[in-house]
Every structure is written in structure tokens, then in C-alpha cells.
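Everything on this sheet refers to the single structure shown next.
The values are calculated or read from the model by the stated rules, or taken from the named source; none is laboratory data. This one's a predicted model, so the numbers in the text were calculated from it and none came from an experiment. Virtual Cβ from ideal backbone geometry, glycine too; neighbours counted across all protein chains shown.
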Amino acid sequence: MPHTRRPAVGYLTTVAAAGLFAVNGTVSTLALQAGVPPTWLTAMRCGGAAVGLLAALALVSPGRLRLTWGEVPFLAVFGVVGVALTQFLYYVAIGRLPVGIALVFEMTAPVGIALWVRLVRKEPVRPRIWVALALSLSGLVLVAQVWQGGGSLDLLGVGAGLAAAVCLATYYLMGERGTATRDPVALTTWTFVAAALFWAVVAPFTASFRAGVLGERVPVSLGAAQVPLWLLVLWIVVLGAIVPFWLSIAALRHLPPTTAGLVATVEPVFASIVAWLWLEQVLSGWQVAGGLVVLGGIVLAQTARTATARPAPAPVPETPAPL
């Protein structure tokens, strides 16, 4: 029986995923402020999500976990660049920039995707891509307030945010190819497994990780309240990775990927509001205006690719990948 599309359900699940990703930015900032290195936090998020997704699929549909040796190199690159490095660079960025600003830099990925498709793949792209590029660059100038002595933002944070955008664009482009032979849920699961294995080799916990640190109580910027660090990590793994990824994938049963991607651009807005209310990260008027201009460019970039240029299989969800 053909599946019945319910657009309202798709919009709701996409917004819910964006909201959880947005809250995860603030929760992750608290963990970073507590002294957890970005490498550890990324490794715990990737490892926890990999275990959770593997367990879920093994119980519900183990056949979807089958792999061939020919798929391994692709999944390894996809997982390392698209998941492991994207998340690590995002954590570096939010450790040095307001959460909303870091997301604005990272969310420029769709502009890079459209330019890659036009200039490298030579696929037809609507002329609006050049307007999108101009809007994004102009907005980033406002966000960085470059007229204030070379910029008011941490340069390493800005660099990490832009590098995360490149990795995120890679995630989307490889996702289009990956879903030609594998469903998005299983693909997401194996990319998290690859990312977890990468960090197990690059930054193994046995080298310097003290398990006891997870039991330490850390401030959460809510008065004098403190919670165990493991509770923040659990939130980051379950509500910051597993649940929002499942929601964003479920949305594709009801919405086209481009529509879901457009709806997901509310994430930087949500993230800025959460960080303002929770962490008192106040943005200047110029930064707010610049963020809105960048979002306008992202919306145009999302719609720049022509319908005939897209591959037949549905791509990986165009929501902010593993933030």
C-alpha cells in the first residue's frame, strides 16, 4: 500500500528536529565550558549515537544493516568527513563563538553545494545562486562586524565554522550518492559507526580520559543549579543526535528534501533564542541583521538546483547534519 504523505506531520517533525539540534548547541556549550575537550565530546556523541542506532536497527530491521566490502571506503570517508569532522569543528566553533553565530557560518553549506554543482559538475543551476552567494557573503560581513578592527569574532572560531560548512556540504553531496543504494536510516547509522571508529583511533579514551570526570557536577547557568556531567553527555547523545536524526529522516516520508531543508533553516534562529535565554549570549543588532541576510541566501541556495539536476533517489535529509 502506498504511503500517504501528511505535510503537516513533516513540518512538525522537521521543526522538532531543528529545535532539538538548537538546544543541543547550548547543552554542548555547557559541556565545553565544564572542561570537556571538543575531541572527547565529539567521540562520546558519535560513539553513543552509533551504539543507539545500531541497537535500534538490530531490533527493528537487522537486514538493513547488511554491508558489502565495496561500500566500506565510501562509508569511511562519509563518516569521517561528513560526521566526525563536522561535529568536531562545530564544537570548536561554539566554544569560541555564540551558538547562533557558529550555526550561521556552518549553515552556509547549501551555498557551497549549489556552487559545486554548477562549477564542478556543470549541472544547470538557477541564476538565483549568484544572489544567494552575494547575500551570504554580505550577511557574514555583518555577522563578523569586520569594520571593528578586523572583526569582532574569534578568528579560530570563524575558521572552524566555515570549515564545518565545507564538511557539511560534503555530507550532503555524498549523501545524494549514498542513498542511491541504501536507505537514509541505515546510511546514517553506518556513518556514525565510521565516525566513532575514527575518534577511537585518533583520540582514544584510554590515552587521557578519566571516566570519573563524568560523575563531576557542573554548573548549567540556571542559578546555582549543578548536574552530573554524564547527564549532559546523555542529553547530547540521545536528544542531540539520535532523536533529532530520526525525526529529520521521518520528515522525508511527508516532505520533499528541499522543503525539509528550507524549514530546517530555523535552527540558527532557535539556537540564538535558546542561547540568549539560557546562557545570556546577546547578539548585536548588526549580527542579528547579518544572520537574517545569510538565512535569506541559504533559502535561495536551497532552491537553486533545478529539478532535473537531482538524482532520482531521495537524498540524505537536508537538515543540519550532525550538530
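Tabulated values for the structure
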read-out: Any chance VAL131 is farther than 19 Å from ALA22 by Cβ and surrounded by fewer than 16 Cβ atoms within 10 Å (Cβ to Cβ); value: yes
read-out: Residue satisfying condition, being charged (D, E, K, R) and in contact with a helix residue (DSSP H, G or I) (Cβ under 6 Å, 6 or more places away or on another chain), within set ARG45, ARG6; value: ARG45
read-out: Any hit, segment 72-85, residues being part of a helix (DSSP H, G or I) and over 26 Å from GLY161 (Cα atoms); value: yes
read-out: Complete set of residues in segment 97-125 that are surrounded by 24 or more Cβ atoms within 10 Å (Cβ to Cβ) and more than 25 Å from GLY19 (Cβ to Cβ); value: ALA114
read-out: Answer residue from segment 247-269, given it is hydroxyl-bearing (Ser, Thr, Tyr) and surrounded by 19 or more Cβ atoms within 10 Å (Cβ to Cβ) and is farthest from ALA93 (Cα to Cα) among those; value: THR259
read-out: Residue list for segment 44-61, filter: crowded, with 21+ Cβ neighbours inside 10 Å and either modelled with pLDDT under 90 or over 15 Å from the mean Cα position of the chain (by Cα) (or both); value: MET44, ALA50, LEU53
